[in-house]
1. What's the number of the condition Trp21 fails, among (1) crowded, with 21+ Cβ neighbours inside 10 Å; (2) touching a Phe, Trp or Tyr at 6+ places or on another chain (Cβ under 8 Å); (3) among the aromatic types (Phe, Trp, Tyr)?
2. Could you tell me whether the range 124-132 includes any residue that is surrounded by 16 or more Cβ atoms within 10 Å (Cβ to Cβ), without any contact (Cβ under 8 Å) to a residue 40 or more places away in the chain and not in a loop (DSSP other than H, G, I, E, B)?
3. Answer yes or no as to whether Val47 is at pLDDT 95 or above, surrounded by 19 or more Cβ atoms within 10 Å (Cβ to Cβ) and over 18 Å from Gly119 (Cα atoms).
4. Tally time: how many residues in the range 135-159 are in a loop (DSSP other than H, G, I, E, B) and either at positive phi or not hydroxyl-bearing (Ser, Thr, Tyr) (or both)?
5. Considering only residues that are in a strand (DSSP E or B) and either without any contact (Cβ under 8 Å) to a residue 60 or more places away in the chain or more than 11 Å from the chain's Cα centre (by Cα) (or both), which ones fall in the range 64-79?
6. What residue, of Gly120, Gly149, Gly189, is of a type in the set (Gly, Ala, Ser) and either surrounded by fewer than 16 Cβ atoms within 10 Å (Cβ to Cβ) or in contact with a helix residue (DSSP H, G or I) (Cβ under 7 Å, 6 or more places away or on another chain) (or both)?
7. Report, by residue number, each residue of the range 152-167 that is without any contact (Cβ under 8 Å) to a residue 12 or more places away in the chain and either closer than 26 Å to Ala23 by Cβ or buried (at least 18 other Cβ atoms within 10 Å of the Cβ) (or both).
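The values are calculated or read from the model by the stated rules, or taken from the named source; none is laboratory data. Bear in mind that the values here come from a model prediction, so they are computed numbers and not experimental data. Here the Cβ is made from the backbone with ideal geometry for all residues, glycine too, and neighbour counts use every protein chain on show.
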Amino acid sequence: MRTLYELIDLHEPAFPLVRQWAASAVRSVEILPPSAQRDAALLKVQVTTRSPMGAIIHDTGGILVDGGWLRILGSGHPRLTRTLPGWNVGRGEGFLLVADDAVGGFFAINGGALGGDPGGMYYFAPDSLAWEPLHVGYSEFLQWSFSEGLGAFYDWIRWQGWEDDVRTLQGDRSFSFYPFLFTAEGEGGRGSRSDVDVAESWTLSLNFASQLGAR
């Protein structure tokens, strides 16, 4: 196990690059300040700050994109209390959850359980209850998150006034739809919408995926 001294790269830190990507983003990007848990979080994940993921864990409390529609996990913050390693306890088996969205979708790095491309990013889609490959790594995922590609990715679900609704949504909660998004009746978010704890959203989605035979 590497020490904190070995994990904090003072010569080629990735955080300036992350800030550069955020500064050139075509959508709102809010970098939350890091928490007192940042050293422990970095030690737990064992990635160096030379990597964008290590930099985000150690130098941010997380990142909110598009007013909080997308939440990229770091060391925790009052508006996004989950730390990346803490959120994975009891959840990440063969993958590492690194981000999620306001409509109950989850992003993960494949550790071998999701496909034959370890290190690749996957999205657990609430409308299919399946892990879908994104064919990019974590760094490319970050750059995509700050680009027009993010808006196109969510064209199927964004409703009129979503910006105002998301602005009041806490980073540890997500919207729940009824009828469910994976049903014909609930396709595209038709029906009613409420918000739930993101942990409840994760558990409910996995239970439905198991019952319906999705992966």
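1. Among (1) crowded, with 21+ Cβ neighbours inside 10 Å; (2) touching a Phe, Trp or Tyr at 6+ places or on another chain (Cβ under 8 Å); (3) among the aromatic types (Phe, Trp, Tyr), the lone unmet condition for Trp21 is (1).
2. yes
3. No: the conditions fail for Val47.
4. 9
5. If the condition is that a residue be in a strand (DSSP E or B) and either without any contact (Cβ under 8 Å) to a residue 60 or more places away in the chain or more than 11 Å from the chain's Cα centre (by Cα) (or both), then Leu73, Gly74, His77 are the ones that fit.
6. Testing whether each residue is of a type in the set (Gly, Ala, Ser) and either surrounded by fewer than 16 Cβ atoms within 10 Å (Cβ to Cβ) or in contact with a helix residue (DSSP H, G or I) (Cβ under 7 Å, 6 or more places away or on another chain) (or both) leaves just Gly149.
7. Scanning the range 152-167 gives Ala152, Phe153, Asp155, Arg158, Asp164.
Residues are listed down the side, and each one gets a yes or a no for (1) hydroxyl-bearing (Ser, Thr, Tyr); (2) closer than 28 Å to Ala125 by Cα:
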| site | (1), (2) |
| --- | --- |
| Gln20 | no, no |
| Ile31 | no, yes |
| Val65 | no, yes |
| Ser75 | yes, yes |
